[in-house]
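Q: Right, I'll just put the structure down here and ask away after.
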Amino acid sequence: MSFISFLLTLHLVITAYLGWRFQWAFGAFFPAPLDRWYVYWPMILLIVAIYPLTHFYFNRHFAHIELPSWFLLTTALLFGFLAIAFTTTLMFDIVALIVRFIKAAQPVTQYIHHHRPIVGLFVLTLIVAQVVYGFYLAHTPRETYFSIHIDKPIHRENNRLRIVHLSDSHILSYTSTESYEKLVNRINALDPDLIVFTGDIVDRSIKPFIDQNFSAIFSRLRSRYGVYAVLGNHEYYGESPTLAAETFRRAGLRTMRDEVLYLEDVGVTLIGRDDRTRGSKRMALVSDQDPLTRTPRASVAELVTLADPATPLIMLDHQPFELDLAATAKIDLQFSGHTHNGQLFPFNLIVAQIFENPWGLLKKGSYHSIVSCGVGTWGPPLRLLSYSEIVVTDITFAER
């Protein structure tokens, strides 16, 4: 099943379930027109489908027409509200079903049956509270600190490096430039030696990044040894990953596409791996004619042959797959993103099954994998059971 087919199926299930439960709770208060199925159900279907229609279908087939930012933000929030409403209502129904079989709890079952609007308002309040808190978590970045040791020397007297890692900003037309100005100030205040971005800087199109002059904001980032980036899958879903890479470079981000770079001043080798979307079947939908887009990316083993194994090997790779291959290739530290740590329940449970390291620090011998849950959001601008984060990694190295 393709991702689009999965989304359509999911939306049909959400439509049927939420439409049925909303009617159960508040049907007695519906005005006369809503009593008719041919009015109520198309309305529910439109409410549930408006997000994929505007953010996917419309953007793909009518890209020359720009929808207002406020409208796109509203539909994204609505989608988040519906996703949380679905899981919250379903959990409430499961608990209510269990209670039905507990003899001592029969008064609770009867109360639910005879006070439907009150129960509906209670569940609705829970949903709204989660949406408000989820918006707060998504727009209030935290700093997550890790400390690791790499048993190789570098060219610094104190044998230490601080790397600030950001991922998955997913910049859209309604992304606040003011919030990113504050974010840049916070990053600079951390006094980083290196700043790295591990992909999905834009959500799909590079246009909002250009139109809102995010280049000027990102160009204010300061570190001792530079700012580096790799592309994510979402840069490949836009107009052109090549255009995205060139735009980021103009913003001061050294964007690496299967490149190996020895940072002589510090004695560290940086490996920037292109996203695994490169060369995939999805690239048939992209107009970019750059041969890099159509050819598969290099393997970790191929990239490592271009590096000096005596130096610390730090790799940027958007999607945290193939960790065993990275460990076998003697990568010392890998930064990744992509997972969002699920972003919303129950997706955190799903990504935990897909990825060996869905979030945080994983150590395998001398290999370290650090996965950020991201500074931005995909889809609904909400987070639950995860948060917007700036990853700060303090590394000590062997004595020279």
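The values are calculated or read from the model by the stated rules, or taken from the named source; none is laboratory data. Note that the structure is predicted; figures quoted are calculated from it, not measured. Note that we place each Cβ from the backbone using ideal geometry, even for glycine, and neighbour counts take in every protein chain shown. The protein model used for the area step is the full one, side chains on, heavy atoms only, and it has no ligands, DNA or RNA in it. Shrake-Rupley method; radii C 1.70, N 1.55, O 1.52, S 1.80 Å.
Q: Among S388, V260, V48, which residue has its Cα positioned farthest towards the positive end of the charge dipole of the chain, with +1 placed on the Cβ of Lys and Arg, -1 on the Cβ of Asp and Glu, and the dipole taken about the Cα centre?
A: In the chain, that residue is V48.
Q: What does the helix-only formula give at 222 nm for the chain: each DSSP H stretch with n ≥ 4 adding -39500 (n - 2.57), the total divided by the residues, and the result rounded to the nearest 500 deg cm²/dmol?
A: Mean residue ellipticity at 222 nm (helix-derived): -13000 deg cm²/dmol.
Q: With each pseudo-label sitting 7 Å past Cα toward Cβ, what's the T125-E143 distance in nm, one decimal?
A: It works out to 3.9 nm between the two label points.
Q: At a Förster distance of 30 Å, what's the computed FRET efficiency of L306 paired with Q353, Cβ-Cβ distance as r, to 0.05?
A: For R0 = 30 Å, the calculated efficiency reads 0.30.
Q: Assuming R0 = 41 Å, what is the FRET efficiency of S215 and V95, from their Cβ-Cβ distance, to the nearest 0.05?
A: The value I calculate is 0.25.
Q: Here's something else I'd like to know. Determine which lysines satisfy two conditions relative to K182: a Cα distance under 24 Å, and not lying fewer than 8 residues away in the same chain.
A: List returned: K207.
Q: So, taking all protein chains as they sit and a 1.4 Å probe, how much accessible area belongs to K182, in Å² rounded to tens?
A: Number for this one is 120 Å².
Q: A further question on this structure: In the chain, carbon and sulfur make up what percent of the accessible area (probe 1.4 Å)?
A: Of the solvent-accessible surface of the chain, carbon and sulfur hold 64 percent.
Q: How much accessible area per residue does the stretch 251-377 have, in Å², with a 1.4 Å probe?
A: Per residue, the stretch 251-377 has an accessible area of 41 Å².
Q: Give me the lysines in straight-line cross-link reach of K363: C-alpha distance below 20 Å, same-chain residues under 8 apart excluded.
A: Correct list for K363: K152, K330.
Q: Considering only S147, S215, S167, give the residue with the highest GNM mean-square fluctuation for the chain, with springs between Cα atoms whenever their separation is below 10 Å.
A: S147
Q: Calculated from the structure, percent of Cα pairs over 34 Å apart equals which of [x] 36; [y] 23; [z] 30?
A: Of the labelled values, this structure produces [x].
Q: Might you tell me the accessible area per residue for the stretch 68-123, computed with a 1.4 Å probe and given in Å²?
A: 62 Å²
Q: With contacts defined as alpha carbon pairs under 8 Å and 6 or more residues apart, what's the relative contact order of the chain in percent?
A: Normalised by residue count, the contact order of the chain is 20 percent.
Q: Dividing the convex hull volume of the Cα atoms of the stretch 92-215 by its residue count, what figure in Å³ per residue is obtained?
A: 219 Å³
Q: Heads up, I need the accessible area for M256: 1.4 angstrom probe, whole protein in place, Å², nearest 10.
A: M256 has an accessible surface of roughly 0 Å² with all protein chains in place.
Q: Also: Percent antiparallel among DSSP beta bridges with both residues in the chain, to the nearest 5?
A: Given both bridge residues lie in the chain, the antiparallel proportion sits at roughly 35 percent.
Q: Moving on. In square angstrom, rounded to the nearest 10, how much accessible surface does E322 have for a 1.4 Å probe?
A: Its accessible surface works out to 80 Å², give or take rounding.
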